[in-house]
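Quick note: the coordinates plus some simple rules give every number you see, no bench work behind them. Owing to the predicted nature of the structure, the values given are computational and were not obtained by experimental measurement. We place every Cβ from the backbone using ideal geometry, glycine too, and count neighbours over all the protein chains shown.
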């Protein structure tokens, strides 16, 4: 895959690669190490605003939480793009996705929320988008976000589109 | 170690390698990347049923939560087996275990629950079963599971028993 | 960087490398695998005592939680030192930091707590201390700790100071 192919596929899905939110401390959107790209926990930010705030389901219904997971994952792809300097020829596959779901104590469908992340990765990247996944509930998240999504991606050290 | 040795050791412990639960979305039980096997978060499923549901200690006493961590970890070994195509000659060592414990707010012995995971890995795999570990409490988990266990294992890309 | 340089830098910051707390089960402070060092979740222990216990902000104000994140991270560097046998010539960079913050349900500034970890890594290690990061809230942690910090560091397999 090269970047034009990625952008074309996103376009087919009615999506575009977002700008990467600038970290406000001494961390980075993504870091390459050991042949892997580690992406910082992504929030469902769109144009600088959270698309969903609070726990599911009391403040955020399931379907909207899935959309938030999808959005956070799209932001994660933008962080991967930055770490790879746009050279998607280096991209090999997604290896791990961590999904933290802001949850009411009785909510037990974090796996369904996480499908918003998993399905987006498969829709955009195809087979190399398949991944190992951990989905868990938490009682709160930064800025009150409905969801936080972390990615680990396998990538070659040097390019070749 | 080869697979017959693994199965023999499990048998000595009164255990067998379970079937791998099929993911219900675009993720996999385990993915190989960067010389590591990333295993999806495992629940304490046995024959398709959770062995322990709800927070510790109000719904699940400590000892039963430890057993659930043990069971989830056994399921994780089955996922490793699948990712390695049964070629345990490729297995090098366990590197990381993440244990999420469904916890009442005042419960602070997640490390004791996690010992169910750590001890199983050491009992089955010996020294290469030792690992780095993070054990944390969460207010809820998928399907209400008492525990969720994630593994990262080091493995050679190509085989050789 | 070599170990004398590390110790000198810590000294400039008024810090010293702590002793590594011995795990009480079949896990290790840190494990090397796949060119990475995985460090176990670190608590804010100082001379065997937790520096901060309970959720932020009801039991632990923000600033003290940041200090706890800083302390847990310093303990993590001691675990890295142990895994590298003190050979910091093998150290390449920090790649991932996970920060679990013991949080009241309405607390949404886990990212500010996590800055205690991020800033320490940058202060001690400079540019190679920059990392990808996930900061989440949880309802409880082992021993009631205010924070737990996990590290993944990139390191060469064989030395050379």
Can you tell me the orientation of helix A:3-12 relative to chain A, as the angle in degrees between its alpha-carbon axis and the longest Cα principal axis, to the nearest 10? 40 degrees
When chain B is treated as a Gaussian network with springs between alpha carbons less than 10 Å apart, the largest mean-square fluctuation among B:102, B:115, B:139 is found at B:139
Could you check the spin-label model distance between residue A:49 and residue A:1? Points 7 Å from the Cα along Cα→Cβ, value in nm. 2.9 nm
For chain C, what does -39500 (n - 2.57) per DSSP helix run (n ≥ 4), summed and divided by total residues, give at 222 nm, in deg cm²/dmol to the nearest 500? -10000 deg cm²/dmol
Taking the Cβ-Cβ separation of residue A:85 and residue C:157 as r and a Förster radius of 30 Å, what is the calculated FRET efficiency to the nearest 0.05? 0.70
Can you give me the angle between helix A:110-125 and the longest principal axis of chain A, using Cα atoms only, in degrees from 0 to 90, rounded to the nearest 10? 20 degrees
Based on other C-beta atoms within 10 Å, arrange B:64, B:9 from fewest to most. B:9, B:64
Rg/Rh for chain B: what does it come to with C-alpha atoms and Rh from Kirkwood? 0.96
Residue exposure sequence - C:70, B:133 - by fewest surrounding Cβ within 10 Å: C:70, B:133
The stretch B:40-67 versus the stretch A:52-96: alpha-carbon centroid distance in Å: 29 Å
For the stretch B:88-131, what relative contact order do you get, as a whole percent, if you take Cα pairs closer than 8 Å and at least 6 residues apart? 52 percent
Relative contact order of chain B, defined on C-alpha pairs under 8 angstrom at six or more residues apart (%): 33 percent
